[in-house]
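First comes the structure, then the notes that go with it.
The values are calculated or read from the model by the stated rules, or taken from the named source; none is laboratory data. None of these values were measured; they are calculated from a predicted model. Glycine gets a Cβ as well: all are built from the backbone with ideal geometry, and neighbour counts include every protein chain shown. Remember, those area values only see protein heavy atoms, side chains included, never the ligands or the DNA or RNA. Shrake-Rupley method; radii C 1.70, N 1.55, O 1.52, S 1.80 Å.
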Amino acid sequence: MTDRSAIRYRIRPKSPEAHLYEVSVTVEDPDPLGQRFALPAWIPGSYLIREYARHFVTVRAASRGREVRIEKLDKHTWRAERCDGALTVTAEVYAWDPSVRGAHLDTSHGFFNGACVFLRCVGREHEPCDVEILPPRGGRYRAWRVATALPRKDAPPYGFGLYVAADYDELIDHPVETGTFSMVSFKARGVPHDIAITGRHDADLARLARDVKRVCETQIDFFGGHAPMDRYVFLVTAVGEGYGGLEHRASTALLTGRDALPHAGSRETADAYRGFLGLVSHEYFHTWNVKRIKPAAFTPYDLGRENYTSLLWAFEGFTSYYDDLLLVRAGLMDEAAFLRIWGESLTRILRGAGRLKQSVAESSFDAWIKFYRQDENAPNAVVNYYAKGAAVGLALDLLIRQKTRGRRSLDDVMRLLWERYGRTGEGVPEEGVERAAEEIAGAKLTRFFAQAVHGTEDLPLARLLRTVGVKLTLRPADSLDDGGGRPSRKSAAALASRVTLGVRTFAEGPDVKIVNVLDGGPAQAAGVSAGDLLIAVDGLRVSAKSLEARLERMRPGQRVRLHLFRRDELHELEAELAAPPVDTCVLEVDPGLKGRTRARRAWLAGR
Ligand code: ZN
């Protein structure tokens with residue numbers, strides 16, 4: 001007898017052409033009353049019920065070479081009839097979801113998250129399990145390798161074979177890439193890191209490794225100098241267009257546009273590459289903040305249903321605050337770019353009236369039905385707990401620095417959370433982040449949290465940014481694609497005489513599709529609806545290209561006739577154009593506040 005686990009998984013691409021995995025689980029000593037198996041309804045890190053069981057095409061059970069009856073108890077739970085020997089349940093799983101939270105298989109590669117493919121043996125979640133990862137059959141797959149942070153048992157490095165997990169929670173927390181990915185490796189503070197890239201690309205791997213290593217070391221140092229994992233894997237999929245990531249305890253799955261990766265010979269840091277490094281920084285910071293410092297509501301995860309916490313503003317928001325700030329500290333982003341990106345981010349927050357109706361605590365709690373299921377009314381009803389949560393982080397950091405005369409900061413709060421909850425594995429209670437911040441600040445912050453986290457008032461950022469010598473100014477947008485962050489060349493008078501319709505649009509071919517109708521704007525008052533196709537303004541055809549030029553010639557208060565198709569019916573509406581909202585934000589170093597330069601440098605450098 002070898003040291004085989006009593007629970008053994010096996011996964012093999014059965015038919016890459018048909019996107020089918022064959023996945024089995026064998027239980028040595030199944031429940032004599034009938035072993036139950038369940039598949040997660042969601043994947044930790046992505047707060048939406050996804051019902052992965054809908055991709056299970058067939059499910060069969062067998063014991064000692066004989067078929068065993070297996071029945072379905074609910075949408076994602078099965079029970080096999082009692083049997084005397086080892087029980088094996090085998091499923092065919094359809095895998096054609098290219099996102100970081102799914103499973104994907106074709107003749108070029110395979111990627112899966114355990115939550116999508118591995119059945120949980122109900123009642124045996126805490127036992128260790130073996131996982132045999134097999135290649136597809138056939139010579140054409142001979143060059144395939146394996147990239148995953150799953151610990152190896154007898155599999156060779158990067159090879160197919162036997163892997164192992166300490167329990168089901170770990171099993172589904174190490175996504176697996178198989179194929180002919182390119183790879184570059186480095187050590188960060190002594191810990192081996194791999195970057196595996198799937199998809200066609202021409203990235204400068206040496207530069208990528210150098211820059212990502214700086215991000216990792218900056219973060220390991222931030223949390224005290226010792227990485228909490230013994231290796232780490234970045235699973236990157238490069239595509240034409242795409243952006244996203246999902247965090248895990250010792251790896252992350254990232255989706256990026258291939259052109260965001262630095263190409264050989266380029267030395268400058270393009271905005272797109274900075275965006276990719278920001279994604280790397282974000283997911284890596286989660287290694288601490290949410291994978292180890294976890295809300296009590298996630299300890300343990302209940303994978304069968306929604307897990308409610310009002311703390312995502314801290315787990316996603318603070319992670320978003322630190323992703324770019326730590327790029328500055330790693331020397332990968334300068335002060336000007338950092339302030340520009342903050343101007344853009346604050347602009348996005350100000351342009352959603354949802355911030356006036358929903359607090360970030362409420363948005364966290366309702367992530368399952370609102371933030372993750374946004375519809376055309378989302379800008380009016382939902383606040384983004386990433387963006388506003390990051391702004392709460394910024395405000396809190398500056399407030400603590402001010403209250404303690406620069407002796408303490410949000411960095412200390414994060415380190416306290418790490419010591420108290422991350423290292424111990426104890427869940428963070430719902431009020432735990434606020435209490436930790438008050439301990440570090442040495443003062444009650446009741447009013448701050450009541451406004452910033454539980455209320456809907458705008459944050460006092462203009463005042464707080466002055467403490468580090470940064471001036472926050474607001475102005476109207478100077479064009480339809482003005483996302484803020486930069487001063488405008490237009491005069492204040494010219495900006496104020498521009499008009500707004502109060503819509504967000506999308507170019508559908510040459511036509512103007514109304515995507516969102518913003519609260520309180522002229523379009524809403526006139527009866528324009530999301531989904532309408534705007535075809536003419538004042539009797540003249542408009543296109544996605546010409547709309548802006550038409551509006552440029554108009555003035556606030558002017559009445560215009562709009563022709564729109566709603567489904568196949570033509571509507572004629574009259575709208576009164578409004579002056580543009582003052583919702584575009586710019587952050588700049590204030591030359592009049594030279595005395596605050598030291599405070600700003602300390603903030604950006606993490607002192
Ligand atoms: Zn995140």
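State which entries of LYS490/LYS594; LYS513/LYS545; LYS213/LYS291; LYS72/LYS294; LYS294/LYS370 exceed 24 angstrom in Cα-Cα distance in the structure shown.
Listed pairs above 24 Å: LYS490/LYS594; LYS72/LYS294.
So who's got an amide H within less than 5 Å of the one on GLY245, skipping anything under 5 residues away but keeping other chains? H placed 1.01 Å off N, in plane.
Correct list: LEU255.
Straight-line reach from LYS403: which aspartates and glutamates fall under 17 Å, measuring Cα to Cα and dropping same-chain residues less than 8 apart?
Hits, sequence-local ones excluded: ASP411, ASP412, GLU434, GLU438, GLU439.
Tell me, what HN-Hα J-couplings in whole Hz come from the Karplus equation 6.51 cos²θ - 1.76 cosθ + 1.60 at θ = phi - 60° for each residue of the range 35-49, using x for Gly and Pro?
The phi angles translate into 6, 9, 10, 9, 10, x, 8, 8, 10, x, x, 9, 8, 8, 6 Hz.
Would you calculate the convex hull of the Cα atoms in the chain and tell me its volume per residue in Å³?
176
Please turn the phi angles of the range 559-570 into ³J(HN,Hα) values with the Karplus equation 6.51 cos²θ - 1.76 cosθ + 1.60 (θ = phi - 60°), one per residue in order, whole Hz, x for glycine and proline.
Whole-Hz 3J(HN,Hα) from phi for the range 559-570: 9, 10, 8, 10, 10, 9, 9, 10, 6, 9, 9, 7.
Could you list which residues have their amide H under 5 Å from that of ARG292, counting only those 5 or more apart in sequence or on another chain, with H placed in the peptide plane?
Residues meeting the criterion, in which the H sits 1.01 Å from N, do not exist here.
Over the chain, with the other protein chains present, what is the accessible area per residue in square angstrom, probe 1.4 angstrom?
43
Got a sec to turn the phi values of the range 91-99 into Karplus ³J(HN,Hα) couplings, 6.51 cos²θ - 1.76 cosθ + 1.60 with θ = phi - 60°, whole Hz, x for Gly and Pro?
Along the range 91-99, the couplings run 10, 9, 10, 7, 10, 9, 10, x, 6 Hz.
Between PHE565 and ALA494, 0.36 nm times their residue separation minus their Cα-Cα distance comes to what?
Stretched out fully, the PHE565 to ALA494 stretch lengthens by 22.3 nm.
Normalise the Cα radius of gyration of the range 563-607 by 2.2 N^0.38 Å (N = residues in it) and let me know the number.
That ratio works out to 2.57.
From the residues LEU472, PRO460, ALA496, which one has its Cα farthest along the dipole of the range 455-497 in the positive direction, the dipole being from +1 and -1 charges on Cβ of Lys/Arg and Asp/Glu about the Cα centre?
Working it through, the farthest residue towards the positive pole turns out to be LEU472.
Among the trypsin sites (Lys or Arg not before Pro) within the range 17-108, which fall in a DSSP loop and have no more than 14 other Cβ atoms within 10 Å of their own Cβ?
Taking the range 17-108 and a limit of 14 other Cβ atoms within 10 Å, the loop trypsin sites (Lys or Arg not before Pro) found are ARG64, ARG69, LYS75.
Sequence-distant or interchain residues sharing an amide H contact under 5 Å with VAL515, placed H: which?
Counting only residues 5 or more places away or on other chains, the set is ARG504, THR505, PHE506, GLY531.
Could you tell me how far the Cα centroid of the range 1-72 sits from the Cα centroid of the range 212-233, in Å?
When both Cα centres are located, 35 Å separates them.
Could you pull the Cα extents of the range 477-522 along its three principal axes, largest to smallest, in whole Å?
Taking the Cα atoms of the range 477-522, the three principal extents are 32, 24, 18 Å.
So how far, in whole Å, is the C-alpha centre of the range 482-504 from the one of the range 251-292?
31
As a check on your grasp of the helix formula, calculate [θ] at 222 nm for the chain: sum -39500 (n - 2.57) over DSSP H runs of n ≥ 4, divide by the residue count, round to the nearest 500.
Result for the chain: -7000 deg cm²/dmol, rounded to the nearest 500.
Starting from the eigenvalues of the Cα gyration tensor, five times each then square-rooted, give me the equivalent ellipsoid semi-axes of the range 1-137, largest first, whole Å.
24, 17, 14
Give me the angle, in degrees from 0 to 90, between the Cα long axis of helix 387-403 and the longest principal axis of the Cα atoms of the chain, rounded to the nearest 10.
70
Over the chain, with every protein chain in place, what whole percent of the accessible area is carbon and sulfur at 1.4 Å, could you tell me?
On the chain, the fraction of accessible area on carbon and sulfur atoms equals 49 percent.
Explain nothing, just the number: dipole magnitude of the range 191-260 about its Cα centre with +1 on each Lys and Arg Cβ and -1 on each Asp and Glu Cβ, in debye rounded to the nearest 20.
Computed charge dipole of the range 191-260: roughly 100 debye.
Cα extents of the range 463-607 along the three principal axes, largest first, in whole Å?
62, 30, 25
Considering only the chain, what is the antiparallel percent among its DSSP beta bridges, to the nearest 5?
Values: 96 of 116 bridges.
Once the DSSP bridges in the chain are tallied, antiparallel ones form about 85 percent.
Taking the Cα centre of the chain as the origin, how large is its charge dipole in debye, to the nearest 20, when only Lys and Arg (+1) and Asp and Glu (-1) carry charge on their Cβ atoms?
Numbers: 86 positive and 80 negative charges, 311 e Å.
Rounded to the nearest 20 debye, it is 1500 debye.
Share of antiparallel DSSP beta bridges in the range 143-296, in percent to the nearest 5?
Numbers: 18 of 32 bridges.
If we restrict to bridges inside the range 143-296, about 55 percent are antiparallel.
Just flag the GluC sites (Glu not before Pro) in the range 438-545 sitting in loop per DSSP whose Cβ has no more than 16 other Cβ atoms within 10 Å.
Sparse-neighbourhood loop GluC sites (Glu not before Pro): GLU457.
As an exercise, identify the GluC sites (Glu not before Pro) in the range 7-70 lying in DSSP coil whose Cβ has no more than 14 other Cβ atoms within 10 Å.
GLU28, GLU51
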